[in-house]
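The values are calculated or read from the model by the stated rules, or taken from the named source; none is laboratory data. For clarity, every value in this text was computed on a predicted model and none was experimentally measured. Here Cβ is always computed from backbone atoms with ideal geometry, including for glycine, and neighbour counts include all displayed protein chains.
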Amino acid sequence: MAHAPSWLTFGFVYLTAAVLAVPVVRALGMSAIIGYLAAGIAIGPWGLALVRDVQSTLEFAEFGVVLMLFLVGLELQPQRLWSLRRPILGLGGAQLLGCTALLAGAAWLLGQPWRVALVGALGLALSSTAMALQVLSERGQLRSGSGQAAFSILLFQDIAAIPILALLPLLGGVVGAAGSHPEAGHAMLQALKTVAVVGAVVLGGHWLLRPLLRWIAQSRTPEIFTAAALLLVVGMAMLMLALGLSMALGAFLAGVLLADSEFRQELESDIEPFKSLLLGLFFMAVGMSIDFGALWRAPLLMAALVLGFLALKAVVMYLLAWGAGITRQERPLFTLILAQGGEFAFVVFQTAATEQVLAPATASLLTGAVALSMLLSPLLLALLERRRLPHLDGAGAEQPLPEPPPQAPVLIAGFGRYGQIVARVLLAQGVPTTVLDHSVEMLEVARTFGYRVHYGDATRLALLRSAGAAQARVLVVAVDTPEQSLKIVQLARKHFPQLTIVARARNDTHWYQLRDLGVQHIERELFEASLGSARTVLQAMGLAEAEAQAVTARFRAHNLALIERMYPHHRNKEVVLAIAKQGRQQLVEQMAKERQERQETAP
């Protein structure tokens, strides 16, 4: 019997563990994070030992954190990010300095060398971006005052990773060194290089990324656009990693640069599935990385270390929450999600051990403590929520930050000739409209006239949702192909029942299919134009304008009534044909009778 390749075996193990653990945990009313952590513990070295190479899994799954920061960046237009500058520098700086000082002081008083105390404090002061943002997202708190304050602190920590890593080689060379250290000049050069590269990314990205994505979108190949989105994130992460910076920070910058582009919704819907799966794998890797051996060798020391640094960080976080004006109801959540250790601490302690700042045993102990805190934090949060925390939805925030403009009440899917005419009438009446189309050229035209535009395929639920379908009142389905039209209508009817749907029908068959889906407002695209041409022909044949208008109006009313009569039988061609013949004969007879009456009454 052939052996399955390793990637297939491990994929089966990871997916099975997640599928079994997460639904059980969610059924118990707890966060999915706890399920992923439990699954990781079960299959890791200290469980069933189905996976032993934890470090490789953790490195691969860390890309989920990178994708998460990219998506967060897409939600923050540059002006909104600028509005966060004070919380980022103020709260972020206060958190890192306050936690580092308190933790380092406690370690020094307990007899640790100052270098060990400082590096340990810097690593433990960091918080888990992945867990904090996931918890806030699950509770709808990202846009609340506490959510934005937490995000500001987490972003500052990602930025602070640069000087923290640059500091470690300097601390490692203190032993036996006198005077200046050769690494100092290298660190200064690295800092200058970092500033230059970040500046180049910010300045050049605006002018290069959009034209590049526009060129790729013109190929109208969805899988290539998805590949381009992943390439963008991977490329930015590799660039930042090559400079010794945080991969997540690079992805965040890329997201911010594209936050106000027409490609934002399509990028979100393309990246979201990869982000969710990789984040789940990341949490499983954290569960696998918990060193239960160190816990069993020194359980009291490990317990004291974990509870000690959680308590000290919680004190700092609660004081910051109080000082920032975060409501009393939100402070416990804010405190808990930032008191835990963070994934970047693994990198700090591993690098510190390599640079001989920390002994390997000490680095292992600290790494285990961080992983254990990441396991305990969602458990403590679930326990606290059961007792006293309400499930907040962001409505209680006292200091909400600037929100993006409200969603338009009308969505138009398809910006061809039909959609453009509808949009122009609405624009003339001052009705805000959002346009969705997969043609870059059409969107450029729409943007020129001031419409809100979103690139992408309107048959994708994620794009409809992010474009504001849940808040809109009317959806105009103006796409070219009947198949796309029907898919959009099906999604809208199922997920956004409040929408009034106005649809374009290419022919009678399409009209019947739309009616089957419950659409009441349907326009056959050539019907009205054909009636106008018929009226012109009648006038050219000698009929008065009023008489030509009366004839076409009569035909219009008769045709609309006839198609309604045929609709209940539209699947039976024989019945439809019979009704059509009967209707046409009735129309001919009625119009002949009217002509006769007009001739008799004519002077």
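Values as computed for the structure displayed
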item: Residue among Ile41, Ile34 that is at pLDDT below 80 and on the phi < 0 side of the Ramachandran plot; result: Ile34
item: Total residues in the range 431-459, condition at pLDDT below 80, in a loop (DSSP other than H, G, I, E, B) and within 17 Å of Arg264 (Cα to Cα); result: 5
item: For Tyr567: the one exception among (1) surrounded by 14 or more Cβ atoms within 10 Å (Cβ to Cβ); (2) over 25 Å from Ala503 (Cβ atoms); result: (2)
item: The lone exception for Val316 - which of (1) of a type outside the set (Asp, Glu); (2) assigned to a helix (DSSP H, G or I); (3) surrounded by fewer than 22 Cβ atoms within 10 Å (Cβ to Cβ) it fails; result: (3)
item: Answer residue from the range 322-366, given it is of a type in the set (Phe, Trp, Tyr) and crowded, with 18+ Cβ neighbours inside 10 Å and is farthest from the chain's Cα centre (by Cα) among those; result: Phe349
item: Neighbours by Cβ (under 9 Å, 6+ apart or cross-chain): first from the range 321-350, closer than 19 Å to Ile159 by Cβ; second part of a helix (DSSP H, G or I) and of a type in the set (D, E, K, R); result: Leu338/Lys313; Gly341/Lys313; Phe344/Asp158
item: Residue match in the range 341-361 (condition: at pLDDT below 85, among the small types (Gly, Ala, Ser), farther than 17 Å from Leu126 by Cα and assigned to a helix (DSSP H, G or I)); result: yes
item: Residue in the range 200-207 that is at pLDDT 75 or above, in the same structural domain as Pro45 (by TED's automatic domain parsing), assigned to a helix (DSSP H, G or I) and over 22 Å from Val348 (Cβ atoms) present; result: no
item: Subset of the range 27-55 (residues that are in a helix (DSSP H, G or I) and within 18 Å of Ala130 (Cβ to Cβ)); result: Ala32, Ile33, Ile34, Gly35, Tyr36, Leu37, Ala38, Ala39, Gly40, Ile41, Val54, Gln55
item: Gln539 being without any contact (Cβ under 8 Å) to a residue 12 or more places away in the chain and either exposed (fewer than 12 other Cβ atoms within 10 Å of the Cβ) or assigned to a helix (DSSP H, G or I) (or both); result: yes
item: Matching residues, the range 96-133, being in a loop (DSSP other than H, G, I, E, B) and either crowded, with 23+ Cβ neighbours inside 10 Å or in contact with a His (Cβ under 9 Å, 6 or more places away or on another chain) (or both); result: Leu126, Ser127, Ser128
item: Some residue of the range 497-506 being touching a helix residue (DSSP H, G or I) at 6+ places or on another chain (Cβ under 6 Å) and free of Cβ contacts under 8 Å to residues at least 24 places away in the same chain; result: yes
item: Any hit, the range 447-461, residues being farther than 21 Å from Phe225 by Cβ, among the hydroxyl-bearing types (Ser, Thr, Tyr) and either touching a residue at least 60 places away in the same chain (Cβ under 8 Å) or not assigned by TED's automatic domain parsing to the domain that holds Glu268 (or both); result: yes
item: Flag if Thr57 is modelled with pLDDT of 80 or more and either under 27 Å from the mean Cα position of the chain (by Cα) or polar (S, T, N, Q) (or both); result: no
item: Extreme residue, nearest to the chain's Cα centre (by Cα), among residues of the range 472-496 that are assigned to a loop (DSSP other than H, G, I, E, B) and in contact (Cβ under 8 Å) with a residue 60 or more places away in the chain; result: Ala472
item: Options Ala462, Ala492: the member that is at pLDDT 85 or above, within 23 Å of Asp270 (Cα to Cα), among the small types (Gly, Ala, Ser) and surrounded by 15 or more Cβ atoms within 10 Å (Cβ to Cβ); result: Ala492
item: Criterion: surrounded by 22 or more Cβ atoms within 10 Å (Cβ to Cβ), modelled with pLDDT of 75 or more and over 24 Å from Arg452 (Cα atoms) - qualifying residue of Ala217, Ala251, Ala229; result: Ala251
item: Residue match in the range 274-285 (condition: closer than 29 Å to Glu59 by Cβ, part of a helix (DSSP H, G or I) and of a type in the set (D, E, K, R)); result: yes
